[in-house]
Amino acid sequence: IAQNLVKVGGPAIGGVLVAAVGSAWAIGWDALTFATSALLFARIDLKPGAVKVRAGFLADLWDGWSDFRSRRWLWVMVVQGALVVPVWLVGYQLLGPVYGERFLGGAGLWGLVVSGFTAGLVAGAAVALMWRPRLVGRVVCAGTGSLALPLAAMAAAVPLPVLVAATAVAGTGLAVSMTVWSGLVQERIPADRLSRALSYSTLGQLVPVPVGYLLAGPLSRAVGVRATLAGGALVIVLAAVVPLLIRQVRALALAGQPAHEPVPAEKAGVSARAPR
């Protein structure tokens, strides 16, 4: 919530800065904020802890990979992220400002769209505080699917208020899905294996991003920005729906929240240790 609250006003102010003084000054201000953040991080005093290496880096790397791929529900959702993350970043962060310039009239109005998304993130984080969903897999897929709304809205050239509302819904869905997914992963994966699982998860979702950026330019030039956004919305919808065909994903539930379709612990990769 704290992070998302700060993000609400930032895009709107950034849009005004670009419109008023130009993008160079806005990017210069952005660079200054990063430098300030680095100074703040430097003040954090973390004591080093002892690290026990059992068999060496490569052996630990392979052990982490074996554990990761043994959890079908985990790698299926990572594959989903590997499809959705680059498509979302291309559609929203790369082509979104282009759409704002061509169809909305400039950076100022696009800043309103981005503020709608971050406002949705705040709302979603608040919802996640009050709501403990039972069927996490379905909630995560629904939240992922909501990211298709802004891309579809831009492809259809809807009025600005409708586009802002679509991005707000997407932000809410994303925040809820990320929060409940984080809780599920921490419950189901033992603490001594969690960092490796998250590392492979992050790597799998980020590796396709540069490829998506490279393809976005030629593709949008060939078929147009709106057609590219429509295709991205379709990919996100398919990526959100297909994992639900797998029983393990449909039955994923937090501790104390049994699903209608229970999954044997040895298949779901549930830790024998009680969740904290």
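The values are calculated or read from the model by the stated rules, or taken from the named source; none is laboratory data. Source: prediction; values computed, not measured. When we count neighbours, we look across all protein chains shown, and the Cβ atoms used for this are built from the backbone with ideal geometry, even at glycine.
Identify, from the list Val114, Val140, Val127, the residue that is crowded, with 23+ Cβ neighbours inside 10 Å, hydrophobic (A, V, I, L, M, F, W, C), under 18 Å from the mean Cα position of the chain (by Cα) and within 18 Å of Ser182 (Cβ to Cβ).
Only one candidate passes the filter, namely Val140.
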(message) Considering only residues that are of a type in the set (Gly, Ala, Ser), more than 24 Å from the chain's Cα centre (by Cα) and exposed (fewer than 13 other Cβ atoms within 10 Å of the Cβ), which ones fall in region 1-22?
(response) Ala20, Gly22
(request) Working carefully through the options Asp45, Asp67, find the one that is acidic (Asp, Glu), farther than 30 Å from Val162 by Cβ and surrounded by 13 or more Cβ atoms within 10 Å (Cβ to Cβ). (result) Asp67
(message) Condition first: surrounded by fewer than 16 Cβ atoms within 10 Å (Cβ to Cβ) and either closer than 18 Å to Gly137 by Cβ or in contact (Cβ under 8 Å) with a residue 12 or more places away in the chain (or both). Now tell me which residues in region 157-182 satisfy that.
(response) Ala157, Ser182
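When you look at Ile44, is it modelled with pLDDT of 75 or more and assigned to a helix (DSSP H, G or I), yes or no?
No: the conditions fail for Ile44.
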